[in-house]
1. In what sequence do His6, His32 fall when counting other Cβ within 10 Å, fewest first?
2. Please give the charge dipole size of the stretch 3-60, origin at the Cα centre, charges +1 on K and R Cβ atoms and -1 on D and E Cβ atoms. Round to the nearest 20 debye.
3. Dividing the alpha-carbon Rg of the stretch 3-60 by 2.2 N^0.38 Å yields what?
Amino acid sequence: MKVELHCHTRLSDGSFTFEEVTELAAAELVTHLAITNHDTTAGLHEMMVQGRENGIEIVSISGRFWPPNARCRLRVRPALV
């Protein structure tokens, strides 16, 4: 199992299209890929289909921009694994 937990596409601030990302990940034998585009889940369904076609399980972790002085509450939960 090879996992990449932080990857952006051109829909956010990455350099590659999702198709290019999945091709590169497949070439590196990545089995699980987390797409961490900022402030969007656009194209998520297509990304998941493309990932499956390349043997890669895709998850989306939509990053959220928080201004430096913003207050947010983070809850940390124990891992279930």
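1. In order of increasing Cβ crowding within 10 Å: His6, His32.
2. Once rounded to the nearest 20, the dipole reads 100 debye.
3. The stretch 3-60 yields a ratio of 0.96.
Each value in this text was obtained by applying a stated rule to the coordinates, not by laboratory testing. All values reported here derive from a predicted model rather than from experimental measurement. Positions of Cβ are backbone-derived with ideal geometry, glycine not excepted, and every protein chain shown enters the neighbour counts.
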